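All remarks here apply to the structure that follows.
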Amino acid sequence: MSWKKKLTTGAVLASLTAGTIYTINKIISFTSTLDNLLCKEDGHYFDWRFGKIFYRKQGEGKPILLIHDLTVNSSSHEWNKLVKSLKKRNTVYTIDLLGCGHSEKPNLTYTNFLYVQLLTDFIKTIIGEKTDVIATGTSSSFVLMACANDDSLFDRIMMINPTNLSTLATIPTKRTKLLRYLLLTPLIGTFLYNILMSKRLSDQNFFEENFHNPEALDVEIKNSYYESSHLDSSHGKYLLGSILGRYTNANMFHALKNINNSIFLIASTGSGENIAIAEQYRNYIPSIEITTLKDSVHFPQLETPQTLLEQIDLFLGVEEES
């Protein structure tokens, strides 16, 4: 076979392969969002400088901002089991972070400071007054960083199973930068992202690691996470690339020493690491109040919502549902 025929054959095969991958990506994007579990009913958009931010405002009273964990499959849907009770005496704001849920998912480098800016601008522009904040996991980091930067925007802060401070202090390496580069490639990156965010791997990894009893979870909860990760043609890959690349990390040790607000920390006992992390935060914020919750690993708002509501009532003075 001449080199021209080999080149032609190779080009045809490459085109067929690319076409197949493109089709698979489109099918996954379409089928994963058919249920429309994350409906935009009663929602609003904050036209932020880096992209539109989806949020809901419910109830009346002292404002509380609920911030979901910083993962590509998370969204404000994480708080659905709490909002009905919280909105009885408070104005409850739930937000989809940039790169998550129904918020825009632009192709940019997502950093911890980017979310500090988002949180600061959202409170100033949309809420317009000092607010209580409840945040899960890694999102607690940029809440604390924003508070250290401007504590006039924050009243009391509750963290639910925050991330290890040492983990947050790690920086990008050649390996993590390569992972981000692979995910950002147009076809292969999207295909790789769809594999990582597949239902099978989500069951094996995300739900097994983050829930006390994943088998007992409502199918609707699992499907909502799956749907969230594939909204906007799986452009969540841009955020995932930054997370895996460690660009969303931040060294918080110095900032913690500058915080004088009332800080509460919920540590789920389903993971022994949560208790150790709580003590780690106490070393830098001696006044922090820590409470442990049983029968949950990372998301007590989904596994033991009533127990968590009792703690919110205790810490923030929010009346639980009768």
Would you mind listing the strands (runs of 3 or more DSSP E) fully within segment 43-84 where at least 3 residues are under 17 Å from the mean Cα position of the chain (by Cα) and crowded, with 16+ Cβ neighbours inside 10 Å? 51-58, 62-67
Go through segment 256-266 and count every residue that is in contact with a Phe, Trp or Tyr (Cβ under 6 Å, 6 or more places away or on another chain) and either assigned to a helix (DSSP H, G or I) or free of Cβ contacts under 8 Å to residues at least 60 places away in the same chain (or both). 1
If we ask which residues in segment 293-305 are farther than 15 Å from Asp69 by Cβ and under 22 Å from the mean Cα position of the chain (by Cα), their number turns out to be 4
Condition first: surrounded by fewer than 17 Cβ atoms within 10 Å (Cβ to Cβ) and either assigned to a loop (DSSP other than H, G, I, E, B) or not β-branched (Val, Ile, Thr) (or both). Can you find one or more residues in segment 239-248 that meet it? no
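If you take the residues of segment 277-292 that are farther than 21 Å from Asn90 by Cβ and among the β-branched types (Val, Ile, Thr), which of them is nearest to the chain's Cα centre (by Cα)?
Selected residue: Ile277.
Inside segment 270-322, can you point out the residues that are part of a loop (DSSP other than H, G, I, E, B), over 19 Å from Pro214 (Cα atoms) and of a type outside the set (A, V, I, L, M, F, W, C)?
Keep residues of segment 270-322 that are part of a loop (DSSP other than H, G, I, E, B), which gives 270-271, 285-288, 294-299, 304, 317-322.
Keeping just the survivors that are over 19 Å from Pro214 (Cα atoms) gives 285-288, 317-322.
Within segment 270-322, Pro286, Ser287, Gly317, Glu319, Glu320, Glu321, Ser322 meet the criteria.
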What about Thr120, is it surrounded by fewer than 21 Cβ atoms within 10 Å (Cβ to Cβ), over 26 Å from Pro305 (Cα atoms) and without any contact (Cβ under 8 Å) to a residue 40 or more places away in the chain? yes
Residues that are surrounded by 21 or more Cβ atoms within 10 Å (Cβ to Cβ), closer than 30 Å to Leu153 by Cα, modelled with pLDDT of 95 or more and in contact with a strand residue (DSSP E or B) (Cβ under 9 Å, 6 or more places away or on another chain): does segment 252-263 have at least one? yes
As an exercise: evaluate Tyr115 against (1) crowded, with 24+ Cβ neighbours inside 10 Å; (2) in contact with an Asp or Glu (Cβ under 9 Å, 6 or more places away or on another chain) and give the number of the one condition it does not meet. (2)
Residue under evaluation Thr269, criteria (1) more than 22 Å from His298 (Cα to Cα); (2) in contact (Cβ under 8 Å) with a residue 24 or more places away in the chain; (3) surrounded by fewer than 19 Cβ atoms within 10 Å (Cβ to Cβ), criterion not met: (1)
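The values are calculated or read from the model by the stated rules, or taken from the named source; none is laboratory data. If you're wondering where the values come from, they're calculated on a predicted model, not measured in any experiment. In this analysis, Cβ positions are derived from the backbone assuming ideal geometry, glycine residues included, and neighbour counts consider all displayed protein chains.
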